[in-house]
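I have placed the structure first, in the form of structure tokens, so that the comments after it can refer back to it.
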Amino acid sequence: MAPKKPPCLPSLLLPLLTLLLPQADTRSFIVDRENDRFLLDGAPFRYVSGSLHYFRVPRVLWADRLLKMRMSGLNAVQFYVPWNYHEPEPGVYNFNGSRDLTAFLNEASIADLLVILRPGPYICAEWEMGGLPAWLLRKPEIQLRTSDPDFLAAVDSWFKVLLPKLYPWLYHNGGNIISIQVENEYGSYKACDFTYMRHLAGLFRALLGDRILLFTTDGPEGLKCGSLQGLYTTVDFGPADNMTEIFALLRKYEPHGPLVNSEYYTGWLDYWGQNHSTRSISAVTKGLENMLKLGASVNMYMFHGGTNFGYWNGADEKGRFLPITTSYDYDAPISEAGDPTPKLFALRNVISKFQEIPLGPLPPPSPKMMLGPLTLHLDGYLLSFLDILCPHGPIRSILPMTFEAVKQVFQGVLERNMKHQLFLMGKMGAKLDILLENMGRLSFGSNSSDFKGLLEPPVLGQTALTQWLMFPLKVDKLVKWWFPLPLLRSSHPQAPSGPTFYSTTFSILGEGGDTFLFLPGWTKGQVWINGFNLGRYWTRQGPQQTLYVPRPLLFSRGALNKITLLELENVPSEPQIQFLDRPILNSTLHKTYIYSLSADTQSPSEPMELSGH
């Protein structure tokens, strides 16, 4: 039976609307240029914000992380919106589950945090292709982040879906979004296309109206091409940079209004094969205090880093290809596992000198769990499952095609910027199988179209090999739906090497807790827990040796959990794994290509230019 309607509904609603509408009209967030400050509802306001990326944190943990940020003294949260996370194919949109942007905005509101939104279209963020969808590259000649009509058409289509979802959440409409960034560090890009930037600004205004504050963010060297009249100019820099010089430079582009550092770096990202990055507590707190003394508004990047689950890590191009680790811990005030760190408490003390801190203690660290060692069992070669991995069969082509073009026996490994040639011997008529792995499309650096796959065909003598069969592999679907069936296990090779699947089951007594998967002796591959893709491990390369496993991914109280590994290279003599109660993020076991480049490239003693998010 349908519920009865309340009596006299119109008469009840009209007084309520009468009360609400004037309140919405009085809400405002504006720049007071005469007094170099922001005004929130007419009162002087300064934000002390922190970055958190909803796409790097399981949805069930959003509320926990946001609460800890608010209890640290922050009054705002800043985050990106990755286009490729929400539009996996042209015209196909996903805002469900951990992609539910509206739900995240609501969680931020519950935590009493204002929102500084950065929807791109390019975001960097050390994210796959800087947030741009790889399907854009199906038009090989497309010019990304420019006024190229093909690129603008795709951008317009995306923003006409995204921005109307944000409109009700704008502060003056009763929501919590106080400002929105246009593009991202555009001045660091080679194009310097002001027609493109003006197009974006016009599109944002058309879809969001004139009342929302739009702004840009650039490093000091990028202000010339990144700033645009009509958009408020902000800058980004870290504790090691000269604050006085940078803010003085900012004043040349934004003479009046509040000083804003939109990315004050609390730590730094990690690359495979390099050491884990850290920033000292004293340097970070000193820099923050100095900016707050000037009355500046500051966003700390990152306040909680999270994890590059699945295949979402990006890569940098800074004289060499630098893929980013699965962990995005960032040495942030809140650890990858969501725990308060000494850096958080030090920053909280600084913030308390300038504004009120919410009453009450911070939530304690989450319970942690140890388990193992556990022995994994061989399921079979990856090639044994081709019919399941590629159910529609291979794509036939005279020459090999890129990942973008196709939509998606162990003799050695070739690696970008490390090993370019591999010489093989074989008999006439032998079959050559090549497994291609996407280590992450460029998210910063040259930002050119970063195609993946065999860009040139292998050569036999002087002859290019032709007539290829290409199998786009749907590994996640295999792990999630097929591997629970024991009948699919193939015959076990005698000496497993090359791409092979391993798995085992395990149970947890009691409630369990967060944990960190340790893979001693394994080389490189991908891991799934109960069908969820934890991300890439690369034990031999380091520095990351453990993968964060959030407690909600595990079944407790004796229920069976399943772990599956796809090892791409070499399996240890004892195929075991362990779950630890703390991470290992700084253990580079082997020297890497960085230290074995030819003399005409950058030596390891030279400082690398590290900028851009």
Residue 95 - accessible surface, heavy atoms, 1.4 Å probe, Å² rounded to 10: 30
Sequence-distant residues sharing a close amide H with residue 535 (under 5 Å, placed H): 310, 527
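Taking only protein heavy atoms into account and a 1.4 Å probe, give the accessible area per residue of the range 140-263 in Å².
Numbers: 4690 Å² over 124 residues.
Solvent-accessible surface per residue comes out at 38 Å².
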For residue 546, residues with placed amide H under 5 Å, excluding near neighbours: 584
Using θ = phi - 60° and Karplus 6.51 cos²θ - 1.76 cosθ + 1.60, couplings along the range 170-176 (whole Hz; Gly, Pro as x): 5, 4, 6, 9, x, x, 10
Computed accessible area, residue 245, all protein chains, 1.4 angstrom probe, square angstrom: 120
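When ranked by the protection proxy of mean other Cβ atoms within 10 Å per residue, highest first, what sequence do the peptides 372-382, 523-533 form? Walk me through the intermediate numbers first.
On the way: 372-382: 16.7, 523-533: 19.5.
My ranking of the peptides, most packed first, is 523-533, 372-382.
Could you grab the relative contact order for the range 236-306? Cα pairs under 8 Å, six or more apart, rounded to a whole percent. Before the final figure, lay out the partial values.
Numbers: 76 pairs, mean separation 29.0, N = 71.
Computed value for the range 236-306: 41 percent relative contact order.
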Spin-label pair residue 30/residue 356, simplified geometry with 7 Å Cα→Cβ offset, distance in nm: 2.6
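Test of understanding: what is the full-extension gain from residue 100 to residue 60, defined as 0.36 nm times their sequence separation minus their Cα-Cα distance?
13.2 nm
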Table column - 3J(HN,Hα) (Hz), the range 519-526, Karplus curve with 6.51, -1.76, 1.60, x for Gly and Pro: 10, x, x, 6, 9, 6, x, 10
Qualifying chymotrypsin sites (Phe, Trp or Tyr not before Pro) for the range 293-324 [loop in DSSP, other Cβ within 10 Å: at most 13]: none
Residue order for 339, 112 - accessible surface, 1.4 angstrom probe, largest first: 112, 339
Inter-part distance where the range 62-102 and the range 224-257 are each reduced to a Cα centre, Å: 27
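Based on the mean of other Cβ atoms within 10 Å per residue, sort peptides 102-109, 326-333, 429-436 so the most packed one is first. Could you put the intermediate results ahead of the total?
On the way: 102-109: 19.1, 326-333: 26.5, 429-436: 11.1.
Per-residue Cβ counts within 10 Å, averaged per peptide and sorted highest first, yield 326-333, 102-109, 429-436.
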Largest to smallest accessible area among 69, 243, 370 [probe 1.4 Å]: 370, 243, 69
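Could you state the orientation-averaged shadow area of the convex hull built on the Cα atoms of the range 82-200, in nm² to one decimal?
Working: hull surface 31.2 nm².
Mean projected area for the range 82-200: 7.8 nm², to one decimal.
Beyond 19 Å, how much of the Cα-Cα pair distribution for the range 136-286 remains, as a whole percent?
Values: 7068 of 11325 pairs.
Tail of P(r) above 19 Å: 62 percent of Cα pairs.
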Spin-label model distance (nm) - residue 574 vs residue 160, 7 Å beyond Cα toward Cβ: 6.2
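Mind scanning 431/474; 190/353; 139/562; 139/160; 68/477; 224/343 and naming the pairs with a C-alpha gap bigger than 30 Å?
Numbers: 431/474 22 Å; 190/353 41 Å; 139/562 40 Å; 139/160 21 Å; 68/477 35 Å; 224/343 34 Å.
Over 30 Å apart, Cα to Cα: 190/353; 139/562; 68/477; 224/343.
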Ranking by accessible area, most exposed first, for 348, 33, 582 with a 1.4 Å probe: 582, 33, 348
Gain on full stretching of the segment that runs from residue 530 to residue 586 - 0.36 nm per residue minus C-alpha separation: 17.5 nm
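The values are calculated or read from the model by the stated rules, or taken from the named source; none is laboratory data. Values in this document were obtained by computation on a predicted structure and should not be read as measured data. Note that each Cβ is placed from the backbone with ideal geometry, even for glycine, and that neighbours are counted across all protein chains shown. Remember, those area values only see protein heavy atoms, side chains included, never the ligands or the DNA or RNA. Shrake-Rupley method; radii C 1.70, N 1.55, O 1.52, S 1.80 Å.
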